[in-house]
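Below is one structure; the comments refer to it alone.
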Amino acid sequence: MSNSSTSKKSVLWDWLTTVDHKKIGIMYFFGGLFFFTIAGLEAMLMRIQLMFPEMSFLHEQTYNEVLTMHGTTMLFLAAMPLFFAFMNFVVPLQIGARDVAFPFINSLGFWLFLFGGLLLNLSWFTGGAPDAGWTAYAPLSTTSAGHGLDYYIMGLQVSGAGTLMSGINFLVTIVNMRAPGMSMMRMPLFTWTTFVTSMLILFAFPALTVGLLLLMMDRIFGGAFFDVAMGGNVVIYQHLFWIFGHPEVYILILPAFGIFSEVISTFAKKRLFGYSAMVFATMIIGFLGFMVWAHHMFTVGMGPIANAIFAVATMAIAVPTGIKIFNWLLTLWGGRIRFTVANLFALAFIPSFVMGGVTGVQLAMSAADYQFHDTYFVVAHFHYVIIGGSVFGIFSATFYWWPKMFGYRLSESLGRWFFWLFLIGFHLTFFVQHFLGLIGMPRRVASYLDGQGLNEMNFISSMGAFMMAFAFILLVINVFVSRKNTDDVQDPWDGRTLEWATTSPVQEYNFAQTPLVRELDAFWHEKQFGDGRMKAAEPLDDIHMPNGSILPIIITTGLTVASFGVIYSTWSIIILGLLINFGAMFVRSIKEDHGYHIPVSEIKREQGEGK
Amino acid sequence: MENLSALDPRGPVAEMQFDLIMLSTYVMIFVMVVVFSIYIYVLLRFRERPGDTHIPEQVHGNRALEFIWTTIPILLLLILAIPNVMDTFTLADTSAPTEGEGVEEEEEDVLNVEVHAHQFWWEFIYPDHDINAGQEMYIPTDTRVNVELHASDVIHSFWVPALAGKMDNVPGIENEMWFEAPDEGVYFGKCTEICGASHWLMDFKVIAVDEGTFSVWAENMAEPDPEIVEGEGEVAAQGREVFEGNCINCHAVGDEGGAQGPNMTNYGEREVVAGFLDYTEENLYDWIRDPDALKPDNEMPGFDESAISDDEMDALIEYIGQQRVLD
Amino acid sequence: MSHVDPSAPLEGKPSKATERKLKNEARTQIVSFVFMIFITSTAFLTVASDVIPTHFAIPFILMLAGVQVVMQLYYFMHMNAKGNGWINVMLWSGMFVAALTVAALTVIIGETKF
Amino acid sequence: MADQHAAANQPLPANPEKATLEGRNKYLGFWFFLGGETVLFGSLFGAYLGLRGSTEGAPGPDELFHLDLVFIMTMILLTSSLTSVFAVINLKRGHFKKLLVWMWATVALGAAFLSFEIYEFYEYYHQGLGFTVSAFASSFYTLVGTHGAHVAFGVAWITTLLIRYRKSGITLSNAPKFYTAVLYWHFIDVVWVFIFTVVYLLGVGG
């Protein structure tokens, strides 16, 4: 057992080896933001190319690479990690836990995500990025020249492994590590949505793993899964992809639902209306997420019975989603609504997401979908739900939890500029795309011909995109200029849930004494009916903490090296990578590391300082 | 442009789909009006006013309300689900024309067309007429067209917005759809499944002509005038030689020639070169010289001056221009 | 203050009740094992002997496989033990999704239209 | 901390694998992981079932499979499931030596299974079933091979545990490790039951 005296190591080493869920959360945040910026730039390249008809700003091949990487990066490397950032940071605090269930695996999950993402993006410098769309349908993906698709396969495989680990980690954390009194039905809604999201990850990602594995078999080892001449069937890939892919979009939206539930009830100063209905609706949405994947495949030729069944099942999702919308509205009803930036994003989400939701119902109608499918109507629809839902959720959470995560408040006035520009830019960009699709513009086209009536709306769309990009710059500026707003950061919004009962910045052990939870919105309850402080569920005692470890990075490096070997079909590199990987895993499994204890005296001293 | 919009349907299938789109739009506008009204009311009525410090009542929920906003959406969805299911089955029914709904033809009046999608062009095979046509699909008006979809390399998708929604051309799988064009006209079609670098240029046309014109077209396509095929006049005859020397392995005129590229029997009547360039001699020239520059990654090799001199090119272009079947 | 050392060997014997339970368990396990061997052999013989018609054999051996899996899960892996509620939820959800996948990939892959 | 070594040995709890929070986390997390693995194998089964008719002239199931060999493999794996169950019972009894013996037996049976499988693949390959010859071949090798890789990983994992803890006795930290390894082993067996039925029996009889 190692000693508790935390000898000051270098800051860099500390971050590389950390297993603290809060630091990992922050790393997820910046990792996600990095990829968000890259994917955003890719979006701008596309909108520049599409600003005028028959532009030759980008070559067609480059355009296909950019569009593929935009989608892939946004979904896997930006939106999901940004949610993971908040899940990691907030969920243990919300349930009154000292840490997550598997700190080591949590760190491993992060590094896998990061290295997988970097590996994928490396393809830009090694002869071309993947070019078959984020869905990578076979046989376009299995016959695509160069190594772009190989990077896609291995990059997603590596980062997907990390995602799966994180999912299991959240599940076990939430089941096993809740503070006394924190029953499932007292969990904040963000924790609930994290839970359901993690379930979706657990059951969806293996299907992707297999889909990618089969692609890899075909591309690299000469397999015949999707080679029609050898008896392969290309629809199998589409099923596998969407059995993963549809839950994936709910993985992206459910956490946002959780964030909005927290933000709206906090800034309306009201308990969430219909809490149990909200929990129930979350579960139903999660369940239906697995029942409807084939609505992405209406035109693939499954037959009318299959199409009709999946159409009706898809429409059913509107019901629990509607329940949520109305419950949010009723949470606001009778409240005292404060228009902070966090809440502005939550409030803007409601109409934006409803618009994305109604087009979703329209798309669900199989017979009409024959017209919508793979046109800009679909592009408009999913940007309405992913930006209007997920991205607004991420921005809302950024402003909401920033003081807790970073110890200062983002500027509200600059934030408002950011919000309005982004909101207007967003609707400008995507509203017209509904019509572009209906008047004949397919998606994933590198350009469009002059004289087909598509010019004006494409120009408007590009202008909106510039507004969004400009707004995003304001957010980045905000992060830097607001650093002096360090007052009132412990509980700036009059929060309701346990994370606001901690100090800011949060101690590494989160809670000196595990809190006793007596009601939903535990902290609010103590502020209203108690003395404003959480009751302790245990006497003050030494706190057990896990040791940091460099092994996650080594394991990840090994996997990444092996992936290179696979991409270039070089056995020596594969074996080298696997040796590093399994070697580090071996070290991990034989080295007894039971962490250390922080003595009571030190906790008392820190608590004294915190006051 | 005309005839490229799903919002301007020109045939029964597109109309059916347009009606569904509009029905759902109305229902959805109703939903949005309800939600937005509550939303705006709430935001105006319950915003925090200066100096207001009251703690709102911490309401738990309301079962009756939950029941209402569960039930009403279900009813609204039923309004959409029922016609949708019916239409889905109607659209999938390529077995034989059914009575009613404006479809009254006999079975023999159906036109069968096989659509083969290639990177990046369309091949239309008329099995009953022994015709192979490239890029342009001639159909008679008021006739039900049953389409069988195939792909030779990757997945493509066949979409003629003004006539019918799309269906995928999937390698190894046979898909079917049908549509009908009551009016004469040129209907624009596009590939809607990403299929490589030139996906955006994979356009085609469905040309609806009257019954008489169609039978002329069909006859001449199956058996074109041998004089035209051989090239009328000295220049064209020289063009034919160039064609035989360079093109015929992939492109056929009449039943002579390969099928790797589009059939050229009626090329002279095309409005566009390569599916998207205006039909001018310059464009045709540029296209033959360097197809990859205009349509990246397509299968056609370029022919530089060592392969086809400028003089030969003029003859070839003249010859190609002669290949017409309708006049 | 003393903390539990997780690397210290555990000493002593289980309680009488535990001991009895374990003894019963060992017996159950052997019985289950014998039963599973029996099931596997039956399935094997069903196919190998060729006496049973195919349309009966397929559902029959699939059912035998199902029975065996449930026995593995509940007797060998103790999925029915107390406090395993979430485990049941996750495993059966996994099986549900797996079943959907299998159904999709065998039925609606375009070769036959439904 | 010095006092911890003084805190001597612990009494044996009823379920040593779940006696600490760490152990309970491991136990639960591993089960959840198995839930995900179910989908993984489900997808592979699906791909196999979708493609098993596509032999394209290359050898198909009924020409290839030696049911008797596969039956023996099944028996070996089933027996290894039983030996690992005995290992767990001895874990709970506190009989460390017997735990080790039964675990080693499990490993040995696993290794035997693997050698049979390698022999089997070798045979099929020489009968003309290369990985690339047909969609059936690709899907068969991928499904059965993924299972085989799981067995190989299990053998390596348990062997590592056995060597690492050969003298440690049962502790609060290694009990969950042994237990989860056994769970994994049972899961491998469960998957094999389906492979035996769906791939081999149905391949020959269906």
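We did not get these values from a lab; they are worked out from the coordinates using the rules stated. Everything numeric in this text was worked out from a predicted model, so none of it was measured. So basically every Cβ, Gly included, is an ideal-geometry build from the backbone, and we count neighbours across all protein chains shown.
Numbers for the structure displayed
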| quantity | calculated |
| --- | --- |
| Directionally averaged shadow of region A:547-602, computed from the convex hull of its alpha-carbon atoms, nm² | 4.3 nm² |
| Helix axis angle, B:234-246 relative to chain B longest principal axis, alpha carbon, degrees | 70 degrees |
| Shielding of C:32-39 by partner chains, average beta-carbon count, 10 Å | 3 |
| Semi-axis lengths (Å, descending) of the ellipsoid that matches the C-alpha gyration tensor of the protein assembly as shown | 55, 39, 28 |
| Stokes-Einstein D (µm²/s) once Rh is taken as the Kirkwood radius of chain C over alpha-carbon pairs, at 37 °C in 0.692 mPa s | 178 µm²/s |
| In Å, descending, principal axis extents of the Cα set of region D:85-134 | 52, 15, 10 |
| Rule-of-thumb Rg ratio for chain A [Cα; 2.2 N^0.38 Å; N residues] | 0.96 |
| Extreme residue, positive dipole direction of region D:15-205, given options D:Ile195, D:Thr132, D:Ala156 (C-beta unit charges) | D:Ala156 |
| Other protein chain Cβ atoms within 10 Å, averaged over every residue that makes up B:33-43 | 5 |
| Share of alpha-carbon pairs per 5 Å distance bin for region A:257-395, given as whole % | 2, 10, 18, 20, 18, 12, 9, 6, 3, 1, 0 |
| Of every Cα-Cα pair in region A:83-218, the percent that sits beyond 23 Å | 42 percent |
| Nearest 10 degrees, 0 to 90: helix D:21-51 Cα axis against chain D principal axis | 0 degrees |
| Net +/- balance of residues flanking D:Met75 in space, Cβ distance below 12 Å, scoring K and R +1, D and E -1 | -2 |
| Whether region B:116-170 is rounded, prolate or oblate, judged on the alpha carbon gyration tensor where a/c under 1.5 counts as rounded | oblate |
| Proximal charge balance of A:Phe83 [Cβ under 14 Å; K/R count +1, D/E count -1] | -2 |
| Under the Debye formula (equal points on every Cα, no solvent term), log10 I(q)/I(0) of region D:134-206 at q = 0.13 Å⁻¹ | -0.51 |
| Stokes-Einstein D in µm²/s, Kirkwood radius over Cα pairs - chain B at 37 °C with 0.692 mPa s viscosity | 143 µm²/s |
| Stokes-Einstein diffusion coefficient of region A:163-225, Kirkwood radius over Cα pairs, 4 °C, 1.567 mPa s, in µm²/s | 95 µm²/s |
| Globularity ratio of region A:219-313, using Cα Rg and 2.2 N^0.38 Å | 1.55 |
| Distance (nanometres) between label positions extended 7 Å along Cα→Cβ at A:Asp531 and B:Met86 | 7.1 nm |
| Value in Å of the Kirkwood radius, where region D:15-205 supplies the Cα pairs that are averaged | 17.6 Å |
| Mean Kyte hydropathy of 0.5 or more with a Cα span along the axis of at least 20 Å, helices from DSSP in chain C | C:54-71, C:85-107 |
| Total charge dipole magnitude, chain A, about the Cα centre, Cβ charges on Lys, Arg, Asp, Glu only, Debye to nearest 20 | 1260 debye |
| Reciprocal mean inverse distance between Cα atoms of region A:442-573 - Kirkwood radius, Å | 21.7 Å |
| Summed residue charge, Cβ within 15 Å of A:Phe326's Cβ, Lys/Arg positive, Asp/Glu negative | +2 |
| Given charges at Cβ of Lys, Arg, Asp, Glu: the protein assembly as shown dipole, positive-most of B:Leu76, B:Phe204, A:Ser56 | B:Leu76 |
| Average Cα contact separation per residue, chain B, under 8 Å, 6 or more apart, as relative contact order % | 16 percent |
| Computed magnitude of the charge dipole of chain B (debye, nearest 20; Cβ of K, R +1, Cβ of D, E -1) | 3060 debye |
| Average projected area [Cα convex hull, region C:17-80], square nanometres | 4.6 nm² |
| Over chain A, relative contact order from alpha-carbon pairs under 8 Å, at least 6 apart, % | 18 percent |
| Alpha carbon convex hull of region A:435-516, projected area averaged over orientations, nm² | 10.6 nm² |
| Angle between chain D longest axis and helix D:135-164 axis [Cα atoms, degrees, rounded to 10] | 20 degrees |
| Geometric extent, Cα atoms of region B:263-327 - Rg, Dmax (angstrom) | 11.8, 35 |
| Other protein chain Cβ atoms within 10 Å, averaged over every residue that makes up D:72-82 | 3 |
| Top of B:Thr141, B:Thr25, B:Thr213 by mean-square fluctuation, Gaussian network on chain B, Cα under 10 Å | B:Thr25 |
| Relative counts (whole %) of C-alpha pair distances in region A:347-501, using bins that are 10 Å wide | 11, 32, 28, 17, 10, 2, 0 |
| Nearest-20 debye value, the protein assembly as shown charge dipole, Cβ charges on Lys, Arg, Asp, Glu | 12200 debye |
| Charge-dipole axis of chain A as Lys and Arg at +1 and Asp and Glu at -1 on Cβ define it, positive-most pick from A:Ala101, A:Tyr28, A:Thr570 | A:Ala101 |
| Mean separation of Cα contacts under 8 Å (6+ apart) over length of region B:226-322, as relative contact order % | 35 percent |
| GNM result for chain B, Cα springs below 10 Å: residue of B:Val170, B:Val145, B:Val85 fluctuating most strongly | B:Val85 |
| Sparsely packed trypsin sites (Lys or Arg not before Pro) within region D:111-175, loop by DSSP, other Cβ within 10 Å at most 14 | D:Arg166, D:Lys167 |
